[in-house]
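Input: a single structure, listed below in structure tokens.
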Amino acid sequence: MKTSRFVALALAASILTTAFPAPARAGDPTTPPAAASIDLRAAVDRAAANLAAVPAPRTPDERRPARAQAAAYGGGGGGKGMLIVTLVSTAVGLGATYYLMKEMKKQTDEAAQQARQLR
């Protein structure tokens, strides 16, 4: 009981301390420094120069053929083998779930029987 009160008080204190603003100190400026003047034309010229340095995207003729891409990434689909693995893993999962539920039911029944015997 005391632990939960302590945890609740510590949590409330930490929330309240972060909610209040930081104290002001003598000598700190009260206004933020003025932003440096920005030359918009120079910024646009720099961005255009950076964009010109980037290579253009490939055209569809320069792309890899589909067969080469499939070989590089192991593509081609799962086929029958993947279907069998999926079905087997689904069956094993369902079987394990059924067994677990059956064991839980058995333990619940045994606990209820022991409770009746204690009465």
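Just so you know, all these numbers are worked out from the coordinates, no wet-lab data involved. No experiment lies behind these values; they were computed from the predicted model shown. Cβ: placed from backbone, ideal geometry, glycine included. Neighbour counts: every protein chain shown.
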*Scattering from the C-alpha atoms of region 77-119 alone, worked out with Debye: what is log10 I(q)/I(0) at q = 0.25, 0.28 1/Å?*
-0.80, -0.87
*Of G79, A96, A112, farthest towards positive along the dipole that unit charges on Lys, Arg, Asp, Glu beta carbons give region 77-119*: A112
